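Undergrad: Let me begin by handing over the structure; questions about it come next.
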Amino acid sequence: MAKPLTHTAGRYPTLQEAHSLHQTVRRDLAGYDRLAARLNSLIGVDMPASEKNRTLMACRLAPLLRRHGCENYSQYEMILMTGDPEATREFISSLTTHTTDFYREGQHFSLLPTVVRQLEQDKQTRGRPELRVWCAAASTGQEPYTLLFTLLESGVRAAPWSLKFLASDIDRGALLRAANGTYTADQTAKIPDPVRARYFEPPEIDGTLTVRGNYKRLITFAEFNLAASKYPFQYPFDIIFCRNVLIYFSHDSGKVVVDRLVEALAPGGFLFLGHSETGFVKNRKLRVVAPAVFQKV
Ligand SMILES: C[S@@+](CC[C@H](N)C(=O)[O-])C[C@H]1O[C@@H](n2cnc3c(N)ncnc32)[C@H](O)[C@@H]1O
């Protein structure tokens, strides 16, 4: 069993200690394979063995090992094996990439007013007044908020719409930041002035911006694992954004996720993937309507 808080507990490690722990774990090929397999079985993310990935794992896990007083991967695995949910969470959080931005892959947001008009016409025929939206790898919130602002700017709140908006991610820490909705001046630089004025509180002295509470409350933030064997939704979604997360999955697991997303989509609904993720789509219920945008037929 790992020694609790002995290695460098209670103080910062010396550079030499930090370097030596990093070197020890980076050379542990079998330990790397076991931890990569554990990550894959938990969340579907694939980290094939390579020098680059071994270094990446060592860099990202070494601080956790130090905090737990572990001197190698085996000791750390003992902690994960206890099934402690917090330990599992920090393991997943450390090994996932949360890069995101407001208006990332902006063509998708330019297309939304057209998508909304089309859904509106269909809804008048079908008589369902709700617009159900799911942002499935929401990270720290920049993507769901961009989506929300763009939908609202496209008139979605006006009758006959009623917006149901779910933003999910595997990483609770990222979701907490999303729900908080506070961003630095740099992070919000791409947001057009009128959008900034309408949806954010007046800036702090250092330029920090926070999304207004009445808009944050339009989004439900929840933890959800895309690798789950069953998706629990009672009603289908009209728009699903699942961008820049499948790239971390193996080809086969990514295809399975796409099939589940298609099941969760209403007929006529739209699926948005990252521009480099279209290779995962082999589902005959989807037709391409724009780069990395699909409609369920
Ligand atoms: C690179 S970010 C992409 C964020 C956003 N979709 C975008 O395109 O800007 C990938 C996100 O996917 C999340 N993620 C990774 N594996 C996941 C899984 N199995 N289920 C749900 N979210 C996952 C990560 O926590 C991370 O926040």
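The values are calculated or read from the model by the stated rules, or taken from the named source; none is laboratory data. None of these values were measured; they are calculated from a predicted model. Don't worry about glycine lacking a Cβ; one is built from the backbone with ideal geometry, like all the others, and counts go over all protein chains shown. These accessible areas exclude ligands, DNA and RNA; they are computed on the full protein's heavy atoms, side chains included. Shrake-Rupley method; radii C 1.70, N 1.55, O 1.52, S 1.80 Å.
Undergrad: All but one of (1) farther than 24 Å from Ala228 by Cβ; (2) at pLDDT 95 or above hold for Ala136; state the number of the condition that does not hold.
TA: Among (1) farther than 24 Å from Ala228 by Cβ; (2) at pLDDT 95 or above, the lone unmet condition for Ala136 is (1).
Undergrad: Within the range 226-245, restricting attention to residues that are touching a helix residue (DSSP H, G or I) at 6+ places or on another chain (Cβ under 6 Å) and open to solvent by 30 Å² or more (accessible area, probe 1.4 Å), which residue is nearest to the ligand (Cβ to nearest atom)?
TA: By that ranking, first place goes to Ala227.
Undergrad: Only residues that are within 15 Å of the ligand (Cβ to nearest atom), open to solvent by less than 20 Å² (accessible area, probe 1.4 Å) and not polar (S, T, N, Q): list them for the range 165-190, please.
TA: Answer for the range 165-190, where residues must be within 15 Å of the ligand (Cβ to nearest atom), open to solvent by less than 20 Å² (accessible area, probe 1.4 Å) and not polar (S, T, N, Q): Phe165, Ala167, Asp169, Asp171, Ala174, Leu175, Ala178, Tyr183.
Undergrad: Let me ask you something else. Tell me, yes or no, whether the range 225-236 has at least one residue that is touching a residue at least 12 places away in the same chain (Cβ under 8 Å) and part of a strand (DSSP E or B).
TA: No, the range 225-236 has no match at all.
Undergrad: Somewhere in the range 132-143, is a residue within 16 Å of the ligand (Cβ to nearest atom), over 30 Å from Leu21 (Cβ atoms) and among the hydroxyl-bearing types (Ser, Thr, Tyr)?
TA: Within the range 132-143 (the criterion being within 16 Å of the ligand (Cβ to nearest atom), over 30 Å from Leu21 (Cβ atoms) and among the hydroxyl-bearing types (Ser, Thr, Tyr)), the answer is no, since none of the residues qualifies.
Undergrad: Of the numbered conditions (1) in contact with a Ser or Thr (Cβ under 7 Å, 6 or more places away or on another chain); (2) within 16 Å of the ligand (Cβ to nearest atom); (3) open to solvent by less than 40 Å² (accessible area, probe 1.4 Å), Val116 satisfies every one except a single condition; which is it?
TA: Going through (1) in contact with a Ser or Thr (Cβ under 7 Å, 6 or more places away or on another chain); (2) within 16 Å of the ligand (Cβ to nearest atom); (3) open to solvent by less than 40 Å² (accessible area, probe 1.4 Å) one by one, Val116 breaks only (2).
Undergrad: Need the failing condition index for Thr220 against (1) open to solvent by less than 40 Å² (accessible area, probe 1.4 Å); (2) more than 12 Å from the ligand (Cβ to nearest atom); (3) of a type in the set (Val, Ile, Thr), just the number.
TA: (1)
Undergrad: If I go through the range 246-278 residue by residue, how many of them are in a loop (DSSP other than H, G, I, E, B), of a type in the set (Asp, Glu) and either open to solvent by 10 Å² or more (accessible area, probe 1.4 Å) or within 14 Å of Arg132 (Cβ to Cβ) (or both)?
TA: Filtering the range 246-278 for residues in a loop (DSSP other than H, G, I, E, B) gives 250, 264, 274-277.
Checking which are of a type in the set (Asp, Glu) leaves us with 277.
Those still in the list that are either open to solvent by 10 Å² or more (accessible area, probe 1.4 Å) or within 14 Å of Arg132 (Cβ to Cβ) (or both) too: none.
Adding up the residues that qualify gives 0.
Undergrad: Can you pull out every residue in the range 191-204 that is open to solvent by less than 70 Å² (accessible area, probe 1.4 Å), not hydroxyl-bearing (Ser, Thr, Tyr) and not in a loop (DSSP other than H, G, I, E, B)? Spell out how you get there, then give the answer.
TA: Of all residues in the range 191-204, those open to solvent by less than 70 Å² (accessible area, probe 1.4 Å) come to 191-192, 195-197, 199-200.
When the remaining residues are screened for being not hydroxyl-bearing (Ser, Thr, Tyr), the result is 191-192, 195-197, 200.
Passing the criteria: Val195, Arg196, Ala197, Phe200.
Undergrad: If we scan the range 76-86, do we find a residue that is touching a His at 6+ places or on another chain (Cβ under 7 Å), away from the ligand (no atom under 13 Å from the Cβ) and modelled with pLDDT of 95 or more?
TA: yes
Undergrad: Suppose we keep only residues that are free of Cβ contacts under 8 Å to residues at least 40 places away in the same chain and among the charged types (D, E, K, R) within the range 68-109. Which one would you say is surrounded by the most Cβ atoms within 10 Å (Cβ to Cβ)?
TA: Glu90
Undergrad: Of the residues that make up the range 216-223, is at least one at pLDDT 95 or above, closer than 30 Å to Val258 by Cα, part of a helix (DSSP H, G or I) and out of contact with any Asp or Glu (no Cβ under 8 Å at 6 or more places or on another chain)?
TA: Yes - at least one qualifying residue is present in the range 216-223.
Undergrad: Further question on the same structure: What is the number of the single condition among (1) open to solvent by 40 Å² or more (accessible area, probe 1.4 Å); (2) more than 15 Å from Phe237 (Cβ to Cβ) that Ser162 does not meet?
TA: (2)
Undergrad: Pick out the one residue from Thr278, Thr220, Thr210 that is in contact with a Leu (Cβ under 6 Å, 6 or more places away or on another chain) and of a type in the set (Ser, Thr, Tyr).
TA: Thr220
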